[in-house]
Amino acid sequence: METLRDILDAAAQGVFPPADGGTTVVPQACHRDAGVLSFTAHSVVFTDEDPEWVHATLRGLDCDALAATMNPRFLTAFQDRTGRRSETIDAMLVGDPLPGRPPLALREIEDANHPRVAYARRRRDDIRAWTAEGGVLVTGRGIGGRLEVSVEVDEDVRHRGLGRALVTAARQLVEEPLWAQVSPGNARSMRAFQAAGYRPVGAEALLLAAAPRVTHGSAEDAGVPE
């Protein structure tokens, strides 16, 4: 059976599910993460719930079938059934590894209790984090075990290209495709990732297991300026 990771690995190589208007349901890769991935004319729902419940709920929606998995009524029903929470629908972007060493002076954060590391551990595994003058870069394994990146840039050094430099440097620190989740409304972040060579491949709605809400400066993947 095709797994969530199989689908993501293929998408990172430019091979997507068939654009047939269908919905594929696969098991969660871990308890923490459930949700929906939306590609061109095909969706993937990753959940340990009964696949028939997913398909029956989608059939009951009064909306374009291509939009059904991201329809607020389906996402609300999904959250109610699973007791999970979600925050936003993000764009999915992916970048290939880059050769060479990052030109930025990066210092790896060794303190497991550093606020940025502690925050990231709530959403990802195998966290690594680096600081640069005016910013923080974090990688970790998220949805389906894929490698994900997020950055945070200090307010007083924004609009100077640091965000773009950090997400470019991230591609030089890895040996596999690197994924990013970016709110489509965060135009600065979208431009920074695309300028750094990350490709939009779809959209996602992540449903997290219920946990105390955490507030940490700016949003997790929303602090990347130009």
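Among the residues of segment 38-46, are any over 16 Å from the mean Cα position of the chain (by Cα) and surrounded by 18 or more Cβ atoms within 10 Å (Cβ to Cβ)? Reasoning before the result, please.
Of segment 38-46, the ones over 16 Å from the mean Cα position of the chain (by Cα) are 40-42.
Those left that are additionally surrounded by 18 or more Cβ atoms within 10 Å (Cβ to Cβ): 42.
Checked against the condition, which is being over 16 Å from the mean Cα position of the chain (by Cα) and surrounded by 18 or more Cβ atoms within 10 Å (Cβ to Cβ), segment 38-46 yields at least one hit.
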Kindly indicate which of 217, 197 is at pLDDT 95 or above, at positive phi and not in a strand (DSSP E or B). 197
Within segment 76-88, does at least one residue satisfy the condition of being at pLDDT 90 or above, of a type in the set (A, V, I, L, M, F, W, C) and either farther than 26 Å from residue 14 by Cα or crowded, with 19+ Cβ neighbours inside 10 Å (or both)? yes
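Kindly indicate which of 51, 115 is under 30 Å from residue 191 (Cβ atoms) and open to solvent by 50 Å² or more (accessible area, probe 1.4 Å). Can you show your working first?
Values: 51 fails: under 30 Å from residue 191 (Cβ atoms).
Just one listed residue meets the conditions, 115.
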Which members of segment 54-75 meet the condition of being in contact (Cβ under 8 Å) with a residue 24 or more places away in the chain and open to solvent by 50 Å² or more (accessible area, probe 1.4 Å)? 55, 65, 66
State whether the residues of segment 161-178 include one that is assigned to a strand (DSSP E or B) and at pLDDT 95 or above. yes
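The values are calculated or read from the model by the stated rules, or taken from the named source; none is laboratory data. Keep in mind it's a predicted model, so treat the numbers as computed, not measured. Every residue, glycine as well, gets a Cβ built from its backbone with ideal geometry; the counts of neighbours run over all protein chains shown. The protein model used for the area step is the full one, side chains on, heavy atoms only, and it has no ligands, DNA or RNA in it. Shrake-Rupley method; radii C 1.70, N 1.55, O 1.52, S 1.80 Å.
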